[in-house]
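Here is the structure we will look at.
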Amino acid sequence: MQVALHETERIDDLLTHDLKIIQSEEVFAFSLDAVLLARFCTVPPRGKIVDLCSGNGVIPLLLSTRTPAAEIWGVEIQERLAGMGKRNIELNGLQDRLHMVHADLKQIHRTLGASGYDLVTVNPPYLPVPAGEQNRNEHVAAARHELFCTLEDVVASSAKLLKTGGKMAMVHRPNRLVDICTLMRQYRVEPKRVRFVHPRQGEEAMMVLIEGIRDGKADMRTLPPLFVHEEGGRYCGELHAVFYGEKSELEAGGQKSPENERNRG
């Protein structure tokens, strides 16, 4: 389907399942963290999924390749990005089960309904609002800094959306992991799986992927680290397979525990 492009926008190939995406360096272009989150989280074969801080809707697009029947909502507070997300859904002909909502995540449970979702994903702004000058590009500033929502807002809103046994998955910076786990427990989302992402072996982690279960039991597993680059700067084999659609999920991130997670919570 053809859709209108605004100034500075382009259409890129998502490299998997023939998906295309509208992006703009001036407004929003997705990065590695969004791809990793979409391939790390535990996706239900059916049911309902919400992606908070959705930007141009890249995570809902990628999640659609991992579940044949689940309905997916993206939630974005910036009107221009929400509009871009809607056009991305139309561009890929996924209007039957993907939706983009222009809304504040702090109130989204009033719009979409509370306690009814199987999975909430979120790639939130990583940085607190700076005391000094911030990026003059409002879209870039909002993507980087907690201008519209804090980390607590993100966790609290996710918890309100989830049904008992539903999962929340987030990507963030490792220096916020203690805060994330503390807030998840405060809002009754038990941390279950954590995976650190490193640029390459021998370097500190640059990202952390974490998944929790609403009203789950205490039993957190630390998965093997993911090293993005091999020697020579090539992507590692696991990431290459994910990028090009050979695998639908990260290998270690997708491992299931010996006991059925729904039974053990």
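I'd like to check something: does the stretch 115-124 contain any residue that is acidic (Asp, Glu) and within 30 Å of residue 68 (Cα to Cα)? Looking through the stretch 115-124, at least one residue is acidic (Asp, Glu) and within 30 Å of residue 68 (Cα to Cα). Taken residue by residue, the stretch 250-261 has at least one member that is in contact with a helix residue (DSSP H, G or I) (Cβ under 6 Å, 6 or more places away or on another chain), surrounded by fewer than 17 Cβ atoms within 10 Å (Cβ to Cβ) and either at pLDDT below 95 or not basic (Lys, Arg) (or both).
Taking the criterion of being surrounded by fewer than 19 Cβ atoms within 10 Å (Cβ to Cβ), at pLDDT 95 or above and not small (Gly, Ala, Ser), the residues of the stretch 102-149 that qualify are 102, 104, 106, 107, 110, 111, 112. If you take the residues of the stretch 1-12 that are of a type in the set (Asp, Glu) and part of a loop (DSSP other than H, G, I, E, B), which of them is surrounded by the fewest Cβ atoms within 10 Å (Cβ to Cβ)? It comes out as 7.
The lone criterion from (1) closer than 13 Å to residue 50 by Cβ; (2) out of contact with any strand residue (DSSP E or B) (no Cβ under 9 Å at 6 or more places or on another chain) left unmet by residue 116 is number (2). In the stretch 28-125, which helices (runs of 4 or more DSSP H) lie fully inside it and hold 1 or more residues that are within 12 Å of the chain's Cα centre (by Cα)? Hits in the stretch 28-125: 32-40, 58-64. I want to confirm something. Restricting to the stretch 13-59 and keeping residues that are among the β-branched types (Val, Ile, Thr) and more than 24 Å from residue 193 (Cβ to Cβ), which single residue is surrounded by the most Cβ atoms within 10 Å (Cβ to Cβ)? Among those residues, the one meeting the criterion is 22.
Out of 50, 27, 58, one residue alone is among the aliphatic types (A, V, I, L, M), modelled with pLDDT under 95 and within 21 Å of residue 148 (Cα to Cα). It is 27.
In the stretch 159-170, the residues that are modelled with pLDDT of 95 or more and of a type outside the set (A, V, I, L, M) reach residues that are surrounded by fewer than 24 Cβ atoms within 10 Å (Cβ to Cβ) and in a helix (DSSP H, G or I) with C-beta atoms within less than 6 angstrom, at least six apart or across chains, in these pairs: 160/109; 165/262.
Residues checked against (1) surrounded by fewer than 19 Cβ atoms within 10 Å (Cβ to Cβ); (2) on the phi > 0 side of the Ramachandran plot; (3) out of contact with any Pro (no Cβ under 8 Å at 6 or more places or on another chain):
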{"site": "169", "(1), (2), (3)": "no, no, yes"}
{"site": "172", "(1), (2), (3)": "no, no, no"}
{"site": "189", "(1), (2), (3)": "no, no, yes"}
{"site": "192", "(1), (2), (3)": "no, no, yes"}
{"site": "204", "(1), (2), (3)": "yes, no, no"}
{"site": "214", "(1), (2), (3)": "no, no, yes"}
{"site": "220", "(1), (2), (3)": "yes, no, no"}
{"site": "232", "(1), (2), (3)": "yes, yes, yes"}
{"site": "247", "(1), (2), (3)": "yes, no, yes"}
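The single condition among (1) within 18 Å of the chain's Cα centre (by Cα); (2) closer than 18 Å to residue 244 by Cα that residue 11 does not meet is (1). Here residue 76 passes the criteria (1) in contact with a Gly (Cβ under 9 Å, 6 or more places away or on another chain); (2) among the charged types (D, E, K, R); (3) more than 25 Å from residue 156 (Cβ to Cβ) except the one numbered (3). Residues in the stretch 65-96 that are buried (at least 23 other Cβ atoms within 10 Å of the Cβ), farther than 22 Å from residue 24 by Cβ and of a type outside the set (Val, Ile, Thr): 73 only. For the stretch 68-87, give me each residue that is in contact (Cβ under 8 Å) with a residue 40 or more places away in the chain and closer than 23 Å to residue 248 by Cβ. Within the stretch 68-87, 70 is the sole residue that qualifies.
The values are calculated or read from the model by the stated rules, or taken from the named source; none is laboratory data. Every value quoted in this text rests on a predicted model; they were computed, and no experiment measured them. We place every Cβ from the backbone using ideal geometry, glycine too, and count neighbours over all the protein chains shown.
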